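What follows is one structure encoded as structure tokens, with my remarks underneath.
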Amino acid sequence: MSATAVYEVAMNPAEAFNYTREALQACGVVVISQTPPAHIEFSLARKDIETGSIDAIMPGRALVATAENGQSRVTVVIDPATQFILYAVALGLAALFVGGFLFTSFNGLWFLMVLAGEAYLFWAIFNKWPADALIMIRAKMQASPSVRGGEPVVKPVAPIFAAPASSRPTGESIADQIRALAELRDQGHLTQEEFDAKKTELLKRI
């Protein structure tokens, strides 16, 4: 799953954009594309004892939006290194194959050890590595006293059983939802067309 962090930056969007780009490049990212002063697409390679000789490439993006008082809000998102999954699976199969010949009397135990290793790799791909990347980026972003925040955003878990709605949504709750959608649009998560369509749908509920 993607890892997300939000920063409050006491700079205008253009300055925040340049500062964020420099902070990302100081972490070793490769900027793929950029749309000043709002959007940066990048990739971050991880190569250590966990990945061996293979680069695990994590895609990412930084979104800059205008906040209150002319300041900026920067959202940094790191996606999992999904291309590394094939390598992890191949590594597990190779370990099972080789271990089947070398540890014939411990096949069951070896299988459990390989399974545990694969489970750790998948957890690392989708959780640990994106979180590690956010920590590294936060250290560079917070080098300036003008930057606050940067803690990982914890997404709430949706309840398994949702309570039935007791009444039609009020005008106030609709307005809150439209404001939230506008913020997502400003941060680049929604296009203007998607925002307009959802806004029209919400207004019909009043």
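The values are calculated or read from the model by the stated rules, or taken from the named source; none is laboratory data. Keep in mind that this is a model prediction, so the values were computed, not measured. Here the Cβ positions follow ideal geometry from the backbone for every residue, glycine too, while neighbour counts run over all protein chains shown.
In segment 184-196, the residue that is nearest to the chain's Cα centre (by Cα) out of those that are surrounded by 13 or more Cβ atoms within 10 Å (Cβ to Cβ) and part of a helix (DSSP H, G or I) is L184.
Does segment 7-27 include one or more residues that are assigned to a strand (DSSP E or B), among the hydrophobic types (A, V, I, L, M, F, W, C) and either surrounded by fewer than 19 Cβ atoms within 10 Å (Cβ to Cβ) or at positive phi (or both)? No: segment 7-27 contains no residue that is assigned to a strand (DSSP E or B), among the hydrophobic types (A, V, I, L, M, F, W, C) and either surrounded by fewer than 19 Cβ atoms within 10 Å (Cβ to Cβ) or at positive phi (or both).
Here A88, A45 are screened, and the one residue that is part of a strand (DSSP E or B), in contact with an Asp or Glu (Cβ under 9 Å, 6 or more places away or on another chain), surrounded by 14 or more Cβ atoms within 10 Å (Cβ to Cβ) and not β-branched (V, I, T) is A45. Among the residues here, V29 qualifies as under 23 Å from W123 (Cα atoms) and either more than 17 Å from the chain's Cα centre (by Cα) or β-branched (V, I, T) (or both).
Each row is one residue, and each column tells you yes or no for (1) charged (D, E, K, R); (2) at pLDDT 95 or above.
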{"residue": "S2", "(1), (2)": "no, no"}
{"residue": "N18", "(1), (2)": "no, yes"}
{"residue": "L24", "(1), (2)": "no, yes"}
{"residue": "R46", "(1), (2)": "yes, no"}
{"residue": "T51", "(1), (2)": "no, no"}
{"residue": "Q71", "(1), (2)": "no, no"}
{"residue": "A81", "(1), (2)": "no, no"}
{"residue": "L91", "(1), (2)": "no, no"}
{"residue": "A95", "(1), (2)": "no, no"}
